[in-house]
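The values are calculated or read from the model by the stated rules, or taken from the named source; none is laboratory data. Computed from a predicted model, the values in this text were never measured in an experiment. Positions of Cβ are backbone-derived with ideal geometry, glycine not excepted, and every protein chain shown enters the neighbour counts. Note: accessible area is taken over every heavy atom of the protein model, side chains too, but ligands, DNA and RNA are not part of it. Shrake-Rupley method; radii C 1.70, N 1.55, O 1.52, S 1.80 Å.
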Amino acid sequence: MPASPSTARAINDRLALRLLQEEGPLTAGQLKQLTGLSRPTVADLVERLTASGLITVVGEAGRQRRGPNAKLYGIVADRAHLAALDVRTESVRVVVTDLVGSVLAEASVPIGGDTGTGPVVEQAVALVERAAKEAGATGAPARDAGRAWGRLHTVGIGAPGLIDPATGELRDSSGLPEWHRRLVAAVQERFPEARVSVGNEANLAALAEQRDGAARDRDTFVLLWLSHGTGAAVVLDGALRRGASGGTGEIGFLPVPGTTGLPSATDCDGGFHSLAGSAAIVELAGEYGLTVGDASERPRAAAVVRAAARTPRDESAGRFLDALADRLAVGVASVVAILDPGCVVLGGEVGQAGGEELARRVEHRVRRMSPLSTEVRPSTLGGAAVLRGALLTARDQAQEELFAPPER
């Protein structure tokens, strides 16, 4: 059944906007060439999108050419501001961008372990508000500077833990601070007109690695998240799989050999987390005489892995990397046996710190343990992948709404 005229217009508009998002400013002639649409159809959509305030003339294609096709059209970047948060146990980081991803403000704040829930939530929300105000002052016309922060359209939050697929909220998981759950509601309360969503940190990191990182050429892969805690994200046939309860990839609870017991429904101690969490990695390094040179360097696990990967021929460093690879291979082989993803990315700060040196060791062990061919790659984004994934998600959500101009 052929699309109605209004549906066809909406499809054409979104196609043009996506091209302007991905390729940058384009002329009407370039849009015609890239979309395959007729000249009158392109002229109509350009007029429609300009009237809707979504695109504007940003320059000319060149002095040699004159006429309508010489005009360069670009997305009105400050039509909306977006914020992304990376919520960790010990810190919160925020970045604010315009609609095309230009960073307007960023900030972070450490969170003390003895700080109460209320003060932590207020500290984190104030951080978001300050960054949003700064972005409004620097990224908007002077006439809007005093109120531009109020135009925050979408906020994406990345946090550890389970996301309830029915409500989209963080579940009350044991071991995670209460302020994580309170923060989401507090951000929504402080910015009532913004769309606020939360995603699991490993899932967001996987989306970022697929768009901009180590998995750009893969439609199917698993990201093994190695940071303060452990987790995994599963991407099959280009789609992120979250599971019936939102718990796909909770590999920290995976029962594995080499631990002192078994995990429980409320505590992953005794599971894979006990072998690959940051505390376990630091302890393992100590067994081989390796310590973090600067005790203030965070995260400590990534620091010691990075130092070892830089000196793999040192006997202690090499033995430590082998022992760590033995541990990681247990988790990777378990995932491979069930999903056969063909590619596993060692993500998070630790995965990036280990680089090719650690990835090569893990891949070698998995080949001995499994008949399924699996490439193991290091993350190229590391811990920054969570913030990047939250921002990409926020931008997709904002564009889904903003790139649907009203019918005329």
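Odds and ends about this structure:
- Segment 70-125 - residue that is free of Cβ contacts under 8 Å to residues at least 24 places away in the same chain and within 19 Å of Ala398 (Cβ to Cβ) and, of those, surrounded by the most Cβ atoms within 10 Å (Cβ to Cβ): Val76
- A search for C-beta distances below 9 Å between a residue of segment 242-268 that is under 21 Å from Thr167 (Cα atoms) and any residue that is surrounded by fewer than 12 Cβ atoms within 10 Å (Cβ to Cβ) and among the aliphatic types (A, V, I, L, M), counting only pairs 6+ apart in sequence or on different chains, returns Gly246/Ala166.
- On the stretch given as segment 210-223, residues that are within 14 Å of the chain's Cα centre (by Cα) and open to solvent by less than 20 Å² (accessible area, probe 1.4 Å) total 4.
- Selection within segment 200-237 - modelled with pLDDT of 95 or more and in a loop (DSSP other than H, G, I, E, B): Gly213, Ala214, Ala215, Arg216, Asp217, Arg218, Asp219, Thr220, Asp237
- Val336 vs. criteria of a type in the set (Val, Ile, Thr), out of contact with any Asp or Glu (no Cβ under 9 Å at 6 or more places or on another chain) and touching a residue at least 12 places away in the same chain (Cβ under 8 Å): yes
- Residues within segment 356-374 that are in a helix (DSSP H, G or I), of a type outside the set (A, V, I, L, M, F, W, C) and crowded, with 19+ Cβ neighbours inside 10 Å, tallied: 4
- Total residues in segment 83-110, condition in a loop (DSSP other than H, G, I, E, B) and either closer than 23 Å to Glu193 by Cβ or in contact with a strand residue (DSSP E or B) (Cβ under 9 Å, 6 or more places away or on another chain) (or both): 7
- Helices (runs of 4 or more DSSP H) wholly inside segment 274-340 that include at least 3 residues being at pLDDT 95 or above and surrounded by fewer than 19 Cβ atoms within 10 Å (Cβ to Cβ): 278-287, 315-339
- Residue match in segment 375-390 (condition: touching a Cys at 6+ places or on another chain (Cβ under 6 Å), free of Cβ contacts under 8 Å to residues at least 60 places away in the same chain and either over 26 Å from Thr259 (Cα atoms) or open to solvent by less than 30 Å² (accessible area, probe 1.4 Å) (or both)): yes
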